[in-house]
1. If I go through region 236-257 residue by residue, how many of them are open to solvent by 50 Å² or more (accessible area, probe 1.4 Å) and among the small types (Gly, Ala, Ser)?
2. Tally up the residues in region 194-216 that are within 13 Å of residue 177 (Cα to Cα) and within 25 Å of the chain's Cα centre (by Cα), please.
3. I'm told residue 106 meets every condition in (1) at pLDDT below 95; (2) within 22 Å of residue 21 (Cα to Cα) except one. Can you identify the failing condition by its number?
4. Checking the conditions here, which among 203, 192, 177 is of a type in the set (D, E, K, R) and out of contact with any helix residue (DSSP H, G or I) (no Cβ under 9 Å at 6 or more places or on another chain)?
5. Check every one of the helices (runs of 4 or more DSSP H) wholly within region 1-69 and list those with 2 or more residues that are buried (at least 17 other Cβ atoms within 10 Å of the Cβ) and over 19 Å from the mean Cα position of the chain (by Cα).
6. Would you check if residue 197 is outside the structural domain of residue 64 (by the TED database), free of Cβ contacts under 8 Å to residues at least 12 places away in the same chain and among the β-branched types (Val, Ile, Thr)?
7. Restricting the search to region 235-269, which residues are in contact with a Leu (Cβ under 8 Å, 6 or more places away or on another chain) and not in a helix (DSSP H, G or I)?
8. Considering only residues of region 126-146 that are hydrophobic (A, V, I, L, M, F, W, C) and open to solvent by less than 10 Å² (accessible area, probe 1.4 Å), which is farthest from residue 97 (Cα to Cα)?
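The values are calculated or read from the model by the stated rules, or taken from the named source; none is laboratory data. If you're wondering where the values come from, they're calculated on a predicted model, not measured in any experiment. Counting neighbours? That spans all protein chains shown, and the Cβs are built from the backbone with ideal geometry, glycine included. We work out accessible area using only protein heavy atoms, side chains counted, and drop any ligands, DNA or RNA first. Shrake-Rupley method; radii C 1.70, N 1.55, O 1.52, S 1.80 Å.
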Amino acid sequence: MTLTARRMFELLEPICLVTYFADECNEELAALGHRTYWDGYFASRAAPLGRVPAQVVHAAFYSFADGEAARHIPSAWETIPPEASVAARERGSAASVRRILGAERADSPGLVRAADLTTKAATNAPAEGRVMYAGMRTLPVPSDPVARLWHSATMLREHRADGHVAALVGARIGGTEAHVLDALARGIHPPESFGRIHHLPEERLAAVMDGLRERGLVDTDGRFTDAGRETKQRIEALTDELAAPPYDALSPAELDELVAELEPLAATLVAAGSR
């Protein structure tokens, strides 16, 4: 099932990523009054948790540097209710998926079937220890098939992310450190240039790299050591293992059907830039 979890991640991730690369979601959030992309991001993604303090959002999201969540939470909710932000995120994301796939494919029986099977997996996963996933489970599942597919794919993405956080914590890899390892796995060097962390203060990045060197995970040139590469692989393997339980809800025949229906959808989204 770990192979299934990895394959489903590859097929569902392009559906989820339209939220961040396409225009419609940002436009919906801006129309509500969010001043910046990051105001909308934090307000809409954290909304299922309720009006929790920035410290809780920071802990749940895990990968952001100290203080980044506090720049947006709770101020992003002061004039815009969390419920409005999460609804705008869903509307915009579903609109992006529909536009990219085109009307014929978006309205096809295959997409409806993919949405139904994805929802079956997403609503039958264990919630214990899965804070972000549990928050999304409290939201209503949309009736529109495209919105339902995006919503359920995103539920599974948060379920996987919760497990990934657990794997990182177990390996004693912090959020910024995780981005460094991810950059190196992608072939980015120096890893400090990675888009998710390049904006951080130089002294913060230097401290992170020094800590990874002290643990023997990167070398003096800032590249993977064997131990660092093995640590990254172990984290990814455990993430796949922890992401597998939702798919126990599907029979082998249903899993095969879901993969077959998702493959052309994912390929179209990836070709449009959702990767």
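1. 2
2. Of the residues in region 194-216, 10 are within 13 Å of residue 177 (Cα to Cα) and within 25 Å of the chain's Cα centre (by Cα).
3. Here residue 106 clears every test but (1).
4. 203 is the lone residue from the list that is of a type in the set (D, E, K, R) and out of contact with any helix residue (DSSP H, G or I) (no Cβ under 9 Å at 6 or more places or on another chain).
5. 23-32
6. Judged against the criteria, residue 197 is not a match.
7. 250 - this is the single residue of region 235-269 that is in contact with a Leu (Cβ under 8 Å, 6 or more places away or on another chain) and not in a helix (DSSP H, G or I).
8. 132
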